1. Tell me the residue from A:62, A:33, A:15 that is surrounded by fewer than 16 Cβ atoms within 10 Å (Cβ to Cβ) and facing chain B (nearest Cβ under 10 Å), please.
2. Would you confirm whether any residue within the range A:47-57 is in contact with a His (Cβ under 8 Å, 6 or more places away or on another chain) and touching a residue at least 40 places away in the same chain (Cβ under 8 Å)?
3. Taking residue B:57 as meeting all but one of (1) assigned to a helix (DSSP H, G or I); (2) loosely packed, with under 15 Cβ neighbours inside 10 Å; (3) more than 8 Å from every other protein chain (Cβ to nearest Cβ), write down the number of the exception.
4. Under 9 Å by Cβ, and 6 or more places apart or on different chains, what pairs join a residue from the range A:108-124 that is over 18 Å from residue A:66 (Cα atoms) with one that is of a type in the set (Gly, Ala, Ser)?
5. Within the range B:27-42, how many residues turn out to be open to solvent by 30 Å² or more (accessible area, probe 1.4 Å) and in a helix (DSSP H, G or I)?
6. Name every residue in the range A:137-168 that is out of contact with any helix residue (DSSP H, G or I) (no Cβ under 8 Å at 6 or more places or on another chain), polar (S, T, N, Q) and touching a residue at least 60 places away in the same chain (Cβ under 8 Å), in order of residue number.
7. Quick test of your reading of the structure: residue A:76 fulfils all but one of (1) within 25 Å of residue A:97 (Cβ to Cβ); (2) among the hydroxyl-bearing types (Ser, Thr, Tyr); (3) more than 7 Å from chain B (Cβ to nearest Cβ). Name the failing condition by number.
8. In the range A:4-22, which residues are assigned to a helix (DSSP H, G or I) and out of contact with any helix residue (DSSP H, G or I) (no Cβ under 7 Å at 6 or more places or on another chain)?
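The values are calculated or read from the model by the stated rules, or taken from the named source; none is laboratory data. The model shown is predicted, which means the values in this text are computed figures rather than measured ones. Positions of Cβ are generated from backbone atoms using ideal geometry, with glycine treated the same way; all protein chains shown enter the neighbour counts. Surface areas here come from the heavy atoms of the whole protein model, side chains and all, with no ligands, DNA or RNA. Shrake-Rupley method; radii C 1.70, N 1.55, O 1.52, S 1.80 Å.
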Amino acid sequence: MSDIAIPYMVKPHPVTGLPNGKLGIWLFLASEVMLFGALFSSYVLLRTGAESWPRGADELNVPLATVNTMVLIISSVTMVMSWASLKMKNLAKYRLYMGLTVLCAFIFLVIKYFEYTSKFHHNHFPSTSNFFGIYFTLTGLHGIHVIGGIIVNVYLLTAGTSLWHTDPEHFTNRVENAGLYWHFVDLVWIFLFPSLYLL
Amino acid sequence: MDAAGHDDIQHHVRVYVMVFIALACLTAVTVGVSYLHLGRAAAIGVALTIAGIKGGLVAGYFMHLVSERKVIYWVLSLTAVFFLFVLFLPLLTVNEAQ
């Protein structure tokens, strides 16, 4: 069985013009758009239907969230730089940039932890109001995605790197696919930040 | 990788740095504008426009959508249609509420 390779993992499929893994990750991201889209629609419905709705900046910590926005943007740059390093056959630089990406992801979660605990200390829970309900749901789901990204990226930084020595093109494609997911996580935050914190 | 391919990636790297600077500036602008306390419609318009530009930069350059295969555009177009449907679905309940 081990001799049977999964087809079109490196070479593009003749029908789609893409390696199967890349098409797969884009289809997954399409489903993710619908998941976050449904929750975003719920947020709009809750907000427009409410008699009063607090201004995000009055309830949430804008400076911390701004720092977190920058942290995620930096992590997106380091992620794409890790892929570019592999394209330039530089594994040491790949390790550096991927390590920085994981570090930024942890910094994001630590800042989020401080935000959450501050809310809990002020007795603000998901059950407190519709505002905090949708805030914790959207940022919590996004946080779970950040954790998922950390797991994949740590694998690609450690055990997963062995593929580089046997099939570097395949490994580069894996990093690109992980990058597509990571950039999507950044993209979601780019919309969550103004919607929840600034408006 | 041959020399041409290496130069191509170097060009990509320069673009990534430019996109990063643009994203950082737009983040500062969107936070700055929020302190101006604009009217509700204007605030939503400015915030979502800036978020849209930032999202476009991330999708276009970091996710390489500017030079992607047609099949991806079709997948995303279909997703956009369904996303807009979900977003505006609550409008169908307006008459019932009245």
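1. Details: A:62 fails: surrounded by fewer than 16 Cβ atoms within 10 Å (Cβ to Cβ); A:33 fails: surrounded by fewer than 16 Cβ atoms within 10 Å (Cβ to Cβ).
That would be A:15, the only listed residue that is surrounded by fewer than 16 Cβ atoms within 10 Å (Cβ to Cβ) and facing chain B (nearest Cβ under 10 Å).
2. Keep residues of the range A:47-57 that are in contact with a His (Cβ under 8 Å, 6 or more places away or on another chain), which gives none.
No, there is no match, as no residue in the range A:47-57 is in contact with a His (Cβ under 8 Å, 6 or more places away or on another chain) and touching a residue at least 40 places away in the same chain (Cβ under 8 Å).
3. (2)
4. Between residues of the range A:108-124 that are over 18 Å from residue A:66 (Cα atoms) and residues that are of a type in the set (Gly, Ala, Ser), the close pairs are A:124/A:118.
5. Residues of the range B:27-42 open to solvent by 30 Å² or more (accessible area, probe 1.4 Å): B:28-29, B:32-33, B:35-42.
Next, only the ones that are in a helix (DSSP H, G or I) stay: B:28-29, B:32-33, B:40-42.
Total meeting the criteria: 7.
6. Once the filter is applied, which keeps residues that are out of contact with any helix residue (DSSP H, G or I) (no Cβ under 8 Å at 6 or more places or on another chain), polar (S, T, N, Q) and touching a residue at least 60 places away in the same chain (Cβ under 8 Å), the range A:137-168 yields nothing.
7. Looking at each condition in turn, residue A:76 falls short on (3).
8. To start, the set of residues in the range A:4-22 that are assigned to a helix (DSSP H, G or I) comprises A:20-22.
Within the range A:4-22, just A:20 meets the criteria.
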